[in-house]
Amino acid sequence: MRLANLNGRATLVTDDGLIDVEKASMGAFSSDTDVLVGQLDSLAQWLHDTSPDVTDMTSPAALVRDTGLGPVISQPGQVFAIGLNYRTHALEMGLTLPVKPMVFTKFPSSVAGANATYPIPSAKTDWEAELVVVIGKRGRNVGADEALTYVAGYCVGQDLSDRELQLLGSPAQFSLGKSYENFAPIGPWLTTTDEVADPNSLEITCEVNGVLHQDSNTSDMVFTVRELVAYVSSICEIRPGDIMFTGSPHGVGQGQHPPVFLKPGDVLDTAIEGLGSIRNVGRER
Ligand code: ZN
């Protein structure tokens, strides 16, 4: 299934059109995607049993740039983010590969919809295309072999970063510099795990003003999605609606020669194979 938050209403995105979940189920399911993310098994069963008619003929391709697309999780309890999780990105940042996952947070108020505009807080505002994991089940000490059963699905994400604030002190502190308004757009919708054969075998790209800067595959992750979920759950309880940014491949602005950063009007197109794409445009802070 593809589950979107469209104008604040849970909406299934099918090849034939859109289904408003609450209306089509006559109130059996909530209109709130934050709630549904913990009930995806029953939602899938209902969809299979009732085969509801589409309520809107809009195609996925036409929907993808809709400004009514909100974040599929608008009130995440926890937002985990992983630093230096692609070999080639650690190299371009001049940093050594972590021995254990390097975990920080993007504060929940930075989460935004697929096509949200982002502010430019400093002259070193940078992009990071990332696979975002959405947790669907509560757990602690989850084993890597069973970790994907705790995942509701995946989104395309941008870990927008103010490098000036991120790297201000020594040691660096990542969280604030990555938590400005709309610095964590996710979307275009949640694609459930049954539609993703292997989250560590997906093409991931980022274009800035139509120029391809990031072009990699999630197979280059240092720690796989399974390992990240297992590791985080060995310390923090994971809960439905938690989200995890899993790190960015090489090709960020800081890694260019010379470095290139974002300015108002810059168009950021981020895409992941099978999950769709998001578009974010820079604006004055
Ligand atoms: Zn990142």
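For ALA61 and ARG283, the difference between the fully extended length at 0.36 nm per residue and the C-alpha to C-alpha distance is 77.4 nm. Report the residues of region 1-30 in range of a label on SER51: point 7 Å along Cα→C-beta, backbone N strictly under 20 Å from it. Answer for this model: 1-2, 12-21, 24-26.
Our note on the geometry: Cα centres of region 198-219 and region 235-273, 10 Å apart.
Go ahead and run the numbers for FRET between LYS137 and GLN173, Cβ-Cβ distance against an R0 of 30 Å, rounding to 0.05.
Computed FRET efficiency for LYS137 and GLN173 comes out at 0.45.
Straight-line cross-link reach from LYS178 at under 25 Å between alpha-carbon atoms covers these lysines, not counting any fewer than eight positions away in the same chain: LYS100, LYS106, LYS124, LYS263.
Region 94-159 and region 1-80 have Cα centres spaced 21 Å apart.
Kirkwood analysis of the Cα pair distances in the chain returns a hydrodynamic radius of 18.8 Å.
Entry note, region 131-285: relative contact order of 32 percent, from Cα contacts under 8 Å with a spacing of 6+ residues.
Taking only the Cα atoms of region 1-153, the ratio Rg/Rh comes out at 1.02, with Rh defined as the Kirkwood radius.
Among residues other than ARG9 whose Cβ falls under 9 Å from its Cβ, what is the net charge (Lys/Arg +1, Asp/Glu -1)?
On the way: positive: LYS23; negative: ASP20, GLU22, ASP32.
So the environment of ARG9 carries a net charge of -2.
Net charge of the neighbourhood of VAL79, taken over other residues with C-beta under 15 Å away and scored Lys/Arg +1, Asp/Glu -1, is -4.
FYI, it's all coordinate maths here, none of it is from the lab. Keep in mind that this is a model prediction, so the values were computed, not measured. Neighbour counts run over all protein chains shown; Cβ positions are idealised from the backbone, glycine included.
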